[in-house]
Amino acid sequence: MGSSMGNDWFVYVYMFGITAIVLMRLDRLGKQIEAVCAEIRADVARTEEDRQEILDDWKQSRKDAAKDARQFWIFWGVIGVAALIWIAVKHG
């Protein structure tokens, strides 16, 4: 029964790892598509001010997305550490 439990955990960790890799790659693809879209919009802008505004908006949205991502990982990191401590205290 102990080895079956170990194999189950391996499968869960493996599936989580594969899912995380796929999601990271999709996120990167999305960022690349957004960059290309902003560049195309800037290229077809009528004036230099419009072009600069489009690029500035894109840069600001990248900064906002990075901030949101940091807050997401900090929140879930704290939750994860709290869960690990709870499990260690409960079973230790």
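So if I check each of 35, 82, 66, which one is in contact with a helix residue (DSSP H, G or I) (Cβ under 8 Å, 6 or more places away or on another chain), in a helix (DSSP H, G or I) and aliphatic (A, V, I, L, M)?
None of the others qualify; the one that does is 35.
What number of residues in region 38-63 are touching a helix residue (DSSP H, G or I) at 6+ places or on another chain (Cβ under 7 Å) and assigned to a helix (DSSP H, G or I)?
Of the residues in that region, 7 qualify.
What pairs come out if I take residues in region 69-92 that are open to solvent by 90 Å² or more (accessible area, probe 1.4 Å) and pair them with residues that are of a type in the set (A, V, I, L, M, F, W, C) and not in a helix (DSSP H, G or I) whose C-beta lies under 8 Å away, six or more apart or interchain?
none
The values are calculated or read from the model by the stated rules, or taken from the named source; none is laboratory data. Owing to the predicted nature of the structure, the values given are computational and were not obtained by experimental measurement. Note that each Cβ is placed from the backbone with ideal geometry, even for glycine, and that neighbours are counted across all protein chains shown. Note: areas computed on protein heavy atoms with side chains; ligands, DNA, RNA excluded. Shrake-Rupley method; radii C 1.70, N 1.55, O 1.52, S 1.80 Å.
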